[in-house]
Amino acid sequence: EEMKRKDRRVYTAEVEEALKEEITPMLWKMTRYEGVILLKLIDRETKYTAFNIIKLYRSGFVAGFYQTMARLFGNNLKLEYDPKGEDAMLEQIVRYYDAGLL
């Protein structure tokens with residue numbers, strides 16, 4: 001059975017609030033480079049950029065606002081993960097971690 005639009009909005013708001021409470025303190029302590037890695041790993045794991053996730057669950061307007069804020073602070077919510085290109089070293093680290101070698 002598909003969720004009603006209102007129920008989905010309420011559920012999304014609850015999940016968003018829980019995530020904010022858990023993750024926000026950690027995000028404030030991150031360096032810009034750690035933020036870039038996080039954005040790329042989000043894309044790696046979900047196959048969606050952070051921008052697309054926000055757009056999907058909130059709206060294009062909200063995603064655009066957060067993208068503008070990210071750009072003001074030197075980041076980009078539209079970063080994509082490239083395991084064979086610029087993110088090859090990060091991919092190797094993730095694979096070692098998944099294999100229990102790190």
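The values are calculated or read from the model by the stated rules, or taken from the named source; none is laboratory data. In this text, all values refer to a predicted model and were calculated from it rather than measured experimentally. Because the Cβ atoms are built from the backbone with ideal geometry, glycine has one as well, and the counts that use them run over all protein chains shown. The accessibility values were calculated without ligands, DNA or RNA, using every heavy atom of the protein model including side chains. Shrake-Rupley method; radii C 1.70, N 1.55, O 1.52, S 1.80 Å.
Pick the calculated Kirkwood radius over Cα pairs in Å for this structure from (i) 13.7; (ii) 14.1; (iii) 15.3?
The value matching this structure is (iii).
Of the heavy-atom accessible surface of region 1-78 (probe 1.4 angstrom), what whole percent is carbon and sulfur? Present the calculation step by step, with values, prior to reporting the outcome.
On the way: 3880 of 6520 Å².
About 59 percent, which is the carbon plus sulfur part of the accessible surface.
Within the chain, how many Lys pairs sit with Cα atoms under 29 Å apart, leaving out pairs fewer than 8 places apart on the same chain?
24
Over region 9-102, give the accessible area per residue in Å² for a 1.4 Å probe, as an integer. If you can, show how the numbers build up before the last one.
Details: 7320 Å² over 94 residues.
Heavy-atom SASA per residue in region 9-102 reads 78 Å².
Could you point to the residue in 41, 79, 101 farthest towards the positive end of the chain's charge dipole, with +1 and -1 charges on the Cβ of Lys/Arg and Asp/Glu respectively?
Highest projection toward the positive end goes to 79.
Restricting things to alpha carbons, find the Rg to Rh ratio for region 14-56 using the Kirkwood radius for Rh.
Details: Rg = 11.1 Å, Rh = 11.3 Å.
Here Rg/Rh amounts to 0.99.
How much FRET efficiency would the formula 1/(1 + (r/R0)^6) give for residue 24 and residue 59, where r is the Cβ-Cβ distance and R0 is 30 Å, rounded to 0.05?
Numbers: r = 21 Å, r/R0 = 0.69.
That gives a FRET efficiency of 0.90.
How high is the FRET efficiency between residue 95 and residue 34 when r is their beta carbon distance and R₀ equals 30 Å, given to the nearest 0.05?
Working: r = 20 Å, r/R0 = 0.66.
After rounding to 0.05, the efficiency reads 0.95.
Residue by residue through region 23-31, which ³J(HN,Hα) values in whole Hz follow from phi under the Karplus form 6.51 cos²θ - 1.76 cosθ + 1.60 (θ = phi - 60°), with glycine and proline marked x?
9, 3, x, 5, 5, 5, 8, 6, 7
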